[in-house]
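The values are calculated or read from the model by the stated rules, or taken from the named source; none is laboratory data. Predicted model, so just to flag it, every value in this text is computed and none were measured. Backbone-built Cβ (ideal geometry, glycine too); neighbour counts: all protein chains shown. Protein only, heavy atoms only, side chains kept; ligands, DNA and RNA dropped before computing areas. Shrake-Rupley method; radii C 1.70, N 1.55, O 1.52, S 1.80 Å.
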Amino acid sequence: MPLYVNNKLNLRPQAQEYLKSIFQNTKVRKYSLMVMLMIAGWYSSMPITHKWGNVLSWDMFGYYLYTPAYVLWDDSGLKDFSKVEEINKKYNSTSSFYQGSRTENGNWMIKYTMGAAVLELPFFAAAHFFAPGLGYEADGFSLPYQKAMIVCHFFYIILGFIFLRKALLRFFSDALSALLLLLIILGTNYYVCSIIGPSIHTMEFALFSIILYLTIRIHESPSMLLAAFLGLTLGFCILTRPPDGLIVIVPALWNVISLKSLKEKIVSVFADHKFKLLVGLVCCFAVGFLQMNYWKAVNDTWLSTGYTNNPGEGFEFLRPYLLQVLFSFRKGWFVYTPLMLCAVAGFYYVYKLQRNIFWPMLAFFILNVYVVSSWSCWYYASSYGQRAMIDSYAILILPLGYFIYGISASGLKRGFKWLIYSLIGFFVLLNIFQSWQYMNGIIDESRMTKEYYLKIFGKSKTEPQDKKLLMVDRSQIGVEHILNINEYQKHVIFYDDFEVPEEAGSKEQYVDSISRSGKYSIMTNSNFIYTHKNELSYNLITEKDHAWIRTTVWYLPKADPKQNPLGLVVMFTNYKGEAYKYSVVDVGTLPEDHVTLGQWNKFVFDYLTPEVRNENDKINIYFWFRGKDPVYIDDFKVEAYEKKEEAPN
């Protein structure tokens, strides 16, 4: 059946003629083909012309790890973790193994799903075949594998644009389709994401483009083959990034314009196409079963999540960060990709001109923004703008196209039309310039603030003092230290000189024979492993986005602290009591510590608060003894350092 066109919409005559011409025009679409070839040529040259580091690092290390674990090591649970450590030591892939978590049965479970690894498999196989002949180790991570993943990345980029062009030409003229392809590259954060290295989001963009095209085709002429391909593509889309499973809304509600038409579609599907539906569902489930089988093998359960090792990350469906995701200067979608304001406005014209695709796209858009905004790490770490929205550009390009066409075909005055066209041009130029700022380190990848954004707006360079307007730098690796301490003011949040022995079962820990000041100190030994836990809600520490926590304690050791460890534990806990940003450091073992046995020594430890999920989350500080010989503690103090208010100019 042809795409639905509502002839009762009171369209302008030229709009009706335009919509008819879409389905009647069979000439070669040279403009969109030319743009497509330019995009393909540009990205095809990237593996050669661009300088690449180790692309199998950080998040991509986790997405990719399935392949060597299964194919090379035959160890899906990473029981022999030394292989991961050996690879990381050789290629410096990650600072810590945050990409996985330890299960109760002793396995390591990768927190990401395996879709990307499966889609990369042919390119891995090619690299594995050629690596020995090229003089490289066939270890899954040497240079041929890295190059293969770069080629894989650009292959899916080009594939995505091929299918997106085919879909666009079902709705728009050749010239407008060509313009829309260019606008994705020049007017959004897609391009930056695509050239900084392999990205899960550009892969999902390609899958979304294929799903869109297959949705159009299967509603034109349903077949078993199209149903199988659509089911497989949906399966890989979900397997690669589960939240993107929302894309199923698009084929499910396609051609639905009312509750009546929804009921009619359901009846039609089960009456005439139930076997095609079954084929699609089976194909989709077959792909998903790959992940379920992995979870069962590694974690003894068919359904699982890999984010158990970090309670600081998760969905906040009851408190979505909607305003921050859309409008914040840190990562606001409309701040760094303002062209998408036109796409949102374009839903009006979709409703007027092509109502059969209005409800599926609007429902998907609303739910997708909601889910993206509900993730606790709503800024999605290091990126230019909202990278989590890139996947959906393959869908949002349609309302953007209808916005441009709707304005051109409307009865608006010519001057007003050109004002809107100029605004679109400004949005594109702003994106190009801000992308350049990002690539040259002017726009920071994670620490942007309103003050800094306004300071560097339109600038091609920054001054060192401008960087002080950024959010705190959380990229310190290893032991943290307060930076620019003169820019902070401090206040005491805990203090204990142990002069008032506790009554709750640990009074025996207090000793009056050894003390640094006053009468008492507290003793830790094999009978008293833990000290009292000091807790305080984040909102009682600071109202700002961060604070430094400095713990100072005096301790008297009888043995070498490295052989007789006393750990200082600092962490945050959520409302469930689950810990995140857990830090433990053994007292007296830092490089700057000079320990004198049998005497009182001073120990200082700095801790930067994490980006808390809830202002009621609590900091927890206590000592954990793991040695044999007693260690005495006295004059324990914890101070919070808050950023000083900027003096008005």
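The single residue among F229, F236 that is more than 28 Å from G306 (Cβ to Cβ), open to solvent by 20 Å² or more (accessible area, probe 1.4 Å) and in contact with a helix residue (DSSP H, G or I) (Cβ under 9 Å, 6 or more places away or on another chain) turns out to be F229. A Cβ distance below 7 Å, combined with a sequence gap of six or more or placement on separate chains, defines the contacts here; from the stretch 475-497, residues that are in contact (Cβ under 8 Å) with a residue 24 or more places away in the chain and farther than 30 Å from G518 by Cβ reach residues that are open to solvent by less than 80 Å² (accessible area, probe 1.4 Å) and basic (K, R) in the pairs E487/K643.
Can you find even one residue in the stretch 210-224 that is within 30 Å of W58 (Cα to Cα) and either hydrophobic (A, V, I, L, M, F, W, C) or assigned to a helix (DSSP H, G or I) (or both)? Yes.
Can you say whether L536 is open to solvent by less than 20 Å² (accessible area, probe 1.4 Å) and either within 19 Å of N620 (Cα to Cα) or among the aromatic types (F, W, Y) (or both), as far as the supplied structure shows? No: the conditions fail for L536. In this structure, S95 qualifies as within 29 Å of I48 (Cα to Cα) and either open to solvent by 20 Å² or more (accessible area, probe 1.4 Å) or touching a Ser or Thr at 6+ places or on another chain (Cβ under 7 Å) (or both). Scanning the stretch 196-212 for residues that are open to solvent by 10 Å² or more (accessible area, probe 1.4 Å) and more than 17 Å from the chain's Cα centre (by Cα) gives L207, I210.
Do we have N539 as under 25 Å from D593 (Cα atoms) and modelled with pLDDT of 95 or more here? Spell out how you get there, then give the answer.
Values: under 25 Å from D593 (Cα atoms): no; modelled with pLDDT of 95 or more: yes.
For N539, the condition - under 25 Å from D593 (Cα atoms) and modelled with pLDDT of 95 or more - is not met.
If you go through the stretch 191-247 and keep only what is without any contact (Cβ under 8 Å) to a residue 60 or more places away in the chain, of a type in the set (A, V, I, L, M), more than 16 Å from I390 (Cβ to Cβ) and in contact with a Cys (Cβ under 9 Å, 6 or more places away or on another chain), you end up with A227, A228, L230, L232, L234.
When we screen K544, K602, K562 for residues that are out of contact with any Lys or Arg (no Cβ under 9 Å at 6 or more places or on another chain) and either part of a loop (DSSP other than H, G, I, E, B) or within 26 Å of W375 (Cβ to Cβ) (or both), the only hit is K562.
Tallying residues that are open to solvent by less than 50 Å² (accessible area, probe 1.4 Å) and either in a loop (DSSP other than H, G, I, E, B) or over 19 Å from S328 (Cα atoms) (or both) within the stretch 448-465 yields 3.
Please note which helices (runs of 4 or more DSSP H) are completely contained in the stretch 12-66 and include at least 2 residues that are modelled with pLDDT of 90 or more and small (G, A, S). If you could, list the steps in order and put the result at the bottom.
Values: elements: 13-24, 30-49, 58-64.
Hits in the stretch 12-66: 30-49.
Out of N539, N486, which single residue is out of contact with any Leu (no Cβ under 6 Å at 6 or more places or on another chain), under 24 Å from F603 (Cβ atoms) and part of a helix (DSSP H, G or I)? Lay out the reasoning, then the answer.
Numbers: N539 fails: under 24 Å from F603 (Cβ atoms).
Sole residue among the options that is out of contact with any Leu (no Cβ under 6 Å at 6 or more places or on another chain), under 24 Å from F603 (Cβ atoms) and part of a helix (DSSP H, G or I): N486.
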